[in-house]
Ligand code: HPA
């Protein structure tokens, strides 16, 4: 099998052939949170299946296409549709988009996701800036031989979520009158939701929100030295016995309601990068 560096190089080469382009920023948008992509100007849309070695996503609400274009004055690549570990993809596939971004020379990664609110202050419709994470997925995308061209063997996660970007996000949110809470995200594999005992344990560990994505992408982004900003949309409460289990339709519904605020917030942040 071709190694990841060659696969990514061939995918990047394909994209560069479609358009000569040096993206500064990559966006990975969660379920139902794809509307930022509509604001991208001078778009070139490329279905995932056309990109060599790119996995193809299966969950409804995920388009499975890449958008290249200009957003708030910056060349960007936006991944509409992400790969979840619970779908059966390996960690290398889940994080392929991040490797691709790094190969294209991007400096920043913005990630959004849907999450359950463990902290009683987090309710459906809230936006939560992720300040740190707990990897509870039982694996790590960096396991295996390390290619020093892609990043160091032992990658620091001390500032996985960029402090300057977080400060900028809070400043912009305050100026725009958008309530942006903040907290720690715990990543689980899913697809089953959490038991009351698990949620109690996660709360004890200091987790504020729980979700089934983001952690692998952020680990690889830091390995590749991308600066990360991540925001969760709280779609349901996730507190012990009161775990209000979110159906996929409900996730899309909440995401649809706060989508415009989130899109505005991200656009204002992007403008100031
Ligand atoms: N648990 C895990 N993942 C989620 C949840 C949840 O309650 N809500 C949205 N994604």
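The values are calculated or read from the model by the stated rules, or taken from the named source; none is laboratory data. All values derive from a computational prediction rather than experimental measurement. So basically every Cβ, Gly included, is an ideal-geometry build from the backbone, and we count neighbours across all protein chains shown.
Could you check how many residues of the stretch 127-143 are closer than 29 Å to residue 71 by Cβ and assigned to a loop (DSSP other than H, G, I, E, B)?
Just the residues of the stretch 127-143 that are closer than 29 Å to residue 71 by Cβ, to begin with: 127-133, 141.
Filter again for assigned to a loop (DSSP other than H, G, I, E, B), leaving 141.
Matching residues across the stretch 127-143 total 1.
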Looking only at the stretch 184-227, count how many residues are in a strand (DSSP E or B) and buried (at least 23 other Cβ atoms within 10 Å of the Cβ). 6
Picked from the stretch 248-267 (must be more than 16 Å from the ligand (Cβ to nearest atom) and surrounded by 18 or more Cβ atoms within 10 Å (Cβ to Cβ)), the residue nearest to residue 39 (Cα to Cα) is 263
Condition set buried (at least 23 other Cβ atoms within 10 Å of the Cβ) and part of a strand (DSSP E or B), scope the stretch 229-240, selection modelled with the lowest pLDDT: answer is 235
With (1) touching a residue at least 60 places away in the same chain (Cβ under 8 Å); (2) more than 16 Å from the ligand (Cβ to nearest atom) as the list, and residue 211 as the residue in question, which single condition is left unmet? (2)
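Looking at the structure I just gave you, is residue 33 at pLDDT 95 or above and closer than 16 Å to residue 80 by Cβ?
Working: at pLDDT 95 or above: no; closer than 16 Å to residue 80 by Cβ: yes.
No.
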Only one of (1) surrounded by 20 or more Cβ atoms within 10 Å (Cβ to Cβ); (2) in contact with a helix residue (DSSP H, G or I) (Cβ under 8 Å, 6 or more places away or on another chain) does not apply to residue 106, and that is (2)
Filter result (touching a strand residue (DSSP E or B) at 6+ places or on another chain (Cβ under 7 Å) and either surrounded by fewer than 16 Cβ atoms within 10 Å (Cβ to Cβ) or not in a helix (DSSP H, G or I) (or both)) within the stretch 156-177: 160, 161, 162, 170
Only one of these conditions is not met by residue 271: (1) surrounded by fewer than 14 Cβ atoms within 10 Å (Cβ to Cβ); (2) closer than 30 Å to residue 102 by Cβ; (3) at pLDDT 95 or above. Which number is it? (3)
Since residue 153 meets every condition but one in (1) more than 11 Å from the ligand (Cβ to nearest atom); (2) over 17 Å from residue 129 (Cα atoms); (3) in a loop (DSSP other than H, G, I, E, B); (4) in contact with a helix residue (DSSP H, G or I) (Cβ under 7 Å, 6 or more places away or on another chain), which condition does it not meet? (4)
